[in-house]
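A.B. asks: First, the structure itself, so that you have it in front of you.
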Amino acid sequence: MPSSVVANMNYDTVQKVLRIVYTSGMVYDYFDVPEAVYKKMKAATSKGSFLNRYIKNKYVYQKRS
């Protein structure tokens, strides 16, 4: 089932950067995210809930333009 919050996500294994593209079109990079966290998010039933609980306010982020 598609997420109502997350349109797409990509993970850079070298830089440990998780890029989230929201359904609104906004793009955020989250830094120093362990690959295991990315894999758990990828497998999560609710991407939005996982994002709110385990990513937001836990990792430094930057909004992309």
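The values are calculated or read from the model by the stated rules, or taken from the named source; none is laboratory data. Being a predicted model, the structure only gives us computed values, none of them experimental. Ligands, DNA and RNA are excluded from the accessible area calculation, which covers all protein heavy atoms including side chains. Shrake-Rupley method; radii C 1.70, N 1.55, O 1.52, S 1.80 Å.
A.B. asks: Can you tell me the length gained on complete extension of the stretch residue 60 to residue 40, counting 0.36 nm per residue apart and subtracting the Cα distance? Walk me through the numbers on the way to the answer.
C.D. replies: On the way: separation 20, 0.36 × 20 = 7.20 nm, distance 1.88 nm.
Working it through step by step, the gained length comes to 5.3 nm.
A.B. asks: Next question, about the same structure. At 222 nm, what helix-only mean residue ellipticity would the chain give, in deg cm²/dmol to the nearest 500, using -39500 (n - 2.57) for each DSSP H run of four or more?
C.D. replies: -5000 deg cm²/dmol
A.B. asks: Here's something else I'd like to know. Gain in length, residue 32 to residue 53, computed as 0.36 nm per residue apart minus the alpha-carbon separation, to one decimal in nm?
C.D. replies: My answer for the length gained is 5.9 nm.
A.B. asks: Tell me, what % of the accessible area of the chain is carbon and sulfur with a 1.4 angstrom probe?
C.D. replies: On the chain, the fraction of accessible area on carbon and sulfur atoms equals 49 percent.
A.B. asks: Just round it to a whole percent: the fraction of Cα-Cα distances in the chain exceeding 18 Å.
C.D. replies: Above the 18 Å cut-off, the chain has 25 percent of its Cα pairs.
A.B. asks: When ligands, DNA and RNA are left out and all protein chains stay put, how many square angstrom of accessible area per residue does the chain have with a 1.4 Å probe?
C.D. replies: About 71 Å² of surface per residue is accessible.
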